[in-house]
Amino acid sequence: MATGNGRTSGSAVFAQGVGKCYQLYDKPIHRLYDMLLPGKKRYREFWAVRNVYLDVPHGSTVGIIGQNGAGKSTLLKLLTGISRPTTGEVRVEGRVASLLELGAGFHPEFSGRENIFLNCSLLGMSEAEIEERFPRIVEFSELGDFIDRPVKTYSSGMYVRLGFSVAASVDPDILIIDEALSVGDEHFKGKCTNRLNEFQEQGKTTIFVSHDMGAVKTMCQWVALMDAGEIVEQGTSEKVADEYLKRSKARGNERLSALNRGSSEYPRWGSGEVEVTEVTLLDPAGEPTHVARSRDAFAIRVRYRAHQDCVEPVFGFGLYRSDGTYVNGSNHRWREQPIELRDLVAGEEGEVTMSAPSLQLLQGQYYVTTFLYDHSKAAPTAIDHREHALTFEVLDAEHLQHGMLFLPSRWTVRRTLPGRPDPVVEDSEA
Amino acid sequence: MLALTRSLWQNRRLLRDFVRRDLKARYVGSSMGFFWSVIFPIVNLAVYMFVFRLILKMRFSDSASPGDVAIWMLAGITVWAAFAETVSRTTNTLVENTNLIQKVVFPSEVLPAYLCISSLINMLIGLPIVLLGVWWFAYGPGSNFETETASLALQAAESRPRDQTLGFGAPMLLLPVLMALQALLTVGLGYLLSTLNVFLRDTYHLVGVFITVWMFATPIFYPERMVRWDYKPALDRFEPGQYAWILDVNPMHWLIKSYRDVLIFADWPDPLMLGKFALVALAVFALGTSFFQAQKARFPDLL
């Protein structure tokens, strides 16, 4: 049950008006001057977290998402009590275990065994308690003989295994996880997910931090979105996802326009009678963009200018994923109703657009290569071939499917129950 | 001060684990193990004896036996080494353990304390060598080497009008008191300097230099008499030394002198001197801990 453990009221974590201001000094000695001779301020203020209100009820699983630098980690430090807020108050009820970063809270010279004891006693466990849980922790971590080696010799995967094993086995009331799970192998990730599910079923509280909406969505009912130190939206994951997409889109556009300005460094070749002057991705409203939403309408448009006459040019597009996987390629001729483009004259200008009602790509970064080939010969030759002409990002908040492509599909479950002649059929169109 | 002491008590298990771990690290990885805490002061002693007695031909007195001087020096070196090591290690300890302080809720007051305890234990391991030497020259095979003159020689070295002979006796019971006072001073300095080092990393390097200067300002390798009195050949008599004031403002001199009284001369230390040291140790402890306590909450942000 969601509110097990006999707790029916109150919050596991409650933060009100919380802000954290760092004092940035140009030189470390200025900090000392300020301490000894108060008066003149020699620092700049930086508010990493500002005016945060967060109420996490017992037994809930809450996600905090935001871009890098949005203040997530600082907020977590405030919630765990490592660092103290400059303004406001944080109230936490119960034992908190946190997994803030790879290898955080480990002493590199200590062995895995010693670090387990160190961490457990920091969490306030008694010797007997630690002794009792020790075998379970070691078993869960699968570290085997490595448990007696200093943790500085561990691989990053081993760090995560040890860290998670300790945090999950100490039986905390509140577990705070900061993206650490993304490092382990699939097998261990599965174990962690199971452990987290058990944890939720026991009515414990989990706070999960990530910059990946998808990861947060599968785990959390309630999501808080952070941006520039503030929680800009909180609510059900569906509600927050929209705002998240809007912001990612704006940020992605900014980042990718910069990236695209540098696209001239990719190869481009051809005879040059006709030049592709502009390659644009258009959003459903027909506006240029660099960020598209999965399953939205989209279009790719090129503008051209003919410098000389050209007999039989053909425009085409190739879509690639950022790792170079060829996803799709087509042109205006390979169609049931082909467009035959003939006899372009010198000085002519125009545009060619490919549009689709639904972008079937899933989350990731992709790029477009444009082809302009002369098909008047037996083997087509390049007129203007532009590799990597446009980079764009696909956002998918719904995460209905995994992988690269969205397959419009229908699911059917047919059950034959004992004693009933007709099968029970359940059908899902989308 | 009280809050900090209470917190150390609450975290005594953690403290114990850290001390145990540190002692293990000192000895487990090395093939000579515990011998290192004995060998290190002895090698130091041999070097200083060589330099001061054989090269510089420094005279402790007319008839001091080399063995007696060695014991006298060794007692000083052992105490000083524990003090110096702790002060320089604690200065950097907060910076070194950034990972713990910044990433988990960690009682950082444990760090200077465990280093101090660990080096005191290490010192205790080295002390039996000193005591063995005392036994050798006072009661064992070395005693027929004219103990009388030897101890008289040392007496001159100490420039004290009291009768001092090597030996064991009831004053040794004061050893725990001396160690407790030493711990108070050391850990107090540790809290002060480690906090300062968080603000200004140069502290660590400054401390290194300062410790060397301090060591030579303390009568460890040379007799106190040589600072206290200046021989004026023209007048053929001793005048108060020009730098005698250094001895009067150097708490480590008071401490080491008391240790020597207790450990090798079976004598009660000068209560006034010990009292002064206790006051200084308490004051440094109070200052260090309150500075540390006041800044502690900021450590995760500053490191």
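Annotations for the structure displayed:
- For the range A:329-430, the strands (runs of 3 or more DSSP E) that sit wholly inside it and include 1 or more residues that are small (Gly, Ala, Ser) are A:349-356, A:364-374, A:385-395, A:424-428.
- If you go through the range A:84-116 and keep only what is in a helix (DSSP H, G or I), in contact (Cβ under 8 Å) with a residue 24 or more places away in the chain and either facing chain B (nearest Cβ under 7 Å) or not β-branched (Val, Ile, Thr) (or both), you end up with A:112, A:113, A:115.
- Applying a threshold of 8 Å to beta carbon distances and a minimum spacing of six or more residues, or different chains, the list of pairs starting in the range A:251-262 at a residue that is within 16 Å of residue A:211 (Cβ to Cβ) and ending at one that is among the aliphatic types (A, V, I, L, M) reads A:252/A:291; A:252/A:395.
- Flag for residue A:292 being of a type in the set (Gly, Ala, Ser), surrounded by fewer than 18 Cβ atoms within 10 Å (Cβ to Cβ) and in the same structural domain as residue A:274 (by TED's automatic domain parsing): no
- Scanning the range A:222-264 for residues that are β-branched (Val, Ile, Thr) and in a helix (DSSP H, G or I) turns up just one, A:240.
- Only residues that are under 10 Å from residue A:209 (Cβ atoms), at pLDDT 85 or above and within 14 Å of another protein chain (Cβ to nearest Cβ) were counted across the range A:48-74, and they come to 0.
- Residue A:165 meets all of the listed conditions (1) in contact with an Asp or Glu (Cβ under 9 Å, 6 or more places away or on another chain); (2) closer than 19 Å to residue A:198 by Cβ; (3) within 14 Å of another protein chain (Cβ to nearest Cβ) but one, namely (3).
- Some residue of the range B:102-114 being modelled with pLDDT under 90 and away from chain A (no Cβ under 14 Å): no
- Residue in the range A:120-137 that is farther than 23 Å from residue B:21 by Cα, in a loop (DSSP other than H, G, I, E, B), in the same structural domain as residue A:63 (by TED's automatic domain parsing) and over 28 Å from the mean Cα position of the chain (by Cα) present: no
- Residue match in the range A:406-429 (condition: over 30 Å from residue A:240 (Cβ atoms) and hydroxyl-bearing (Ser, Thr, Tyr)): yes
- Taking first residues from the range A:48-59 that are within 21 Å of residue A:173 (Cβ to Cβ) and partners that are aliphatic (A, V, I, L, M) and surrounded by fewer than 18 Cβ atoms within 10 Å (Cβ to Cβ), the Cβ contacts under 9 Å between residues at least 6 apart in sequence or on separate chains come to A:57/A:2; A:58/A:2; A:59/A:1; A:59/A:2.
- Residue that is closer than 30 Å to residue A:75 by Cβ and surrounded by fewer than 20 Cβ atoms within 10 Å (Cβ to Cβ), where the choices are B:242, B:295: B:295
- Subset of the range B:90-144 [aliphatic (A, V, I, L, M), crowded, with 21+ Cβ neighbours inside 10 Å and not in a helix (DSSP H, G or I)]: B:104
- Flag if residue B:272 is more than 14 Å from chain A (Cβ to nearest Cβ), in a helix (DSSP H, G or I), touching a residue at least 24 places away in the same chain (Cβ under 8 Å) and not basic (Lys, Arg): no
- Being away from every other protein chain (no Cβ under 13 Å), in a helix (DSSP H, G or I) and surrounded by fewer than 17 Cβ atoms within 10 Å (Cβ to Cβ) is true of residue A:198.
- Residue within the range A:201-210 that is among the small types (Gly, Ala, Ser), modelled with pLDDT under 85 and in a helix (DSSP H, G or I) present: no
- Subset tally (residues that are within 11 Å of chain B (Cβ to nearest Cβ) and not small (Gly, Ala, Ser)) for the range A:117-147: 9
- In the range A:312-323, the residues that are touching a residue at least 40 places away in the same chain (Cβ under 8 Å) form Cβ pairs under 7 Å with partners that are among the acidic types (Asp, Glu) and assigned to a strand (DSSP E or B), at six or more places apart or across chains, as follows: A:312/A:374; A:313/A:374.
- Of all residues in the range A:35-52, one or more are surrounded by fewer than 23 Cβ atoms within 10 Å (Cβ to Cβ) and in a helix (DSSP H, G or I).
- Going through (1) farther than 30 Å from residue A:368 by Cβ; (2) touching a residue at least 40 places away in the same chain (Cβ under 8 Å) one by one, residue A:411 falls short only on (2).
- Within the range B:105-124, residues that are within 16 Å of residue B:303 (Cα to Cα) reach partners that are basic (Lys, Arg) and in a helix (DSSP H, G or I) with beta carbons closer than 7 Å, at six or more positions or on different chains, in the pairs B:108/B:296.
- Pairs meeting the criteria (first residue in the range B:238-253 and part of a helix (DSSP H, G or I), second residue of a type in the set (Ser, Thr, Tyr) and surrounded by 13 or more Cβ atoms within 10 Å (Cβ to Cβ), beta carbons under 8 Å, at least 6 apart or on different chains) are B:252/B:218; B:253/B:218.
- Residue that is nearest to residue A:291 (Cα to Cα), among those in the range A:389-405 that are surrounded by 19 or more Cβ atoms within 10 Å (Cβ to Cβ) and over 15 Å from the mean Cα position of the chain (by Cα): A:392
- Being within 20 Å of residue B:111 (Cα to Cα), out of contact with any Phe, Trp or Tyr (no Cβ under 7 Å at 6 or more places or on another chain) and surrounded by fewer than 20 Cβ atoms within 10 Å (Cβ to Cβ) is a condition met by at least one residue of the range B:271-284.
The values are calculated or read from the model by the stated rules, or taken from the named source; none is laboratory data. These figures come from a predicted structure and were not determined experimentally. Quick reminder, even Gly has a Cβ in these numbers, built from the backbone with ideal geometry, and neighbours come from all protein chains shown.
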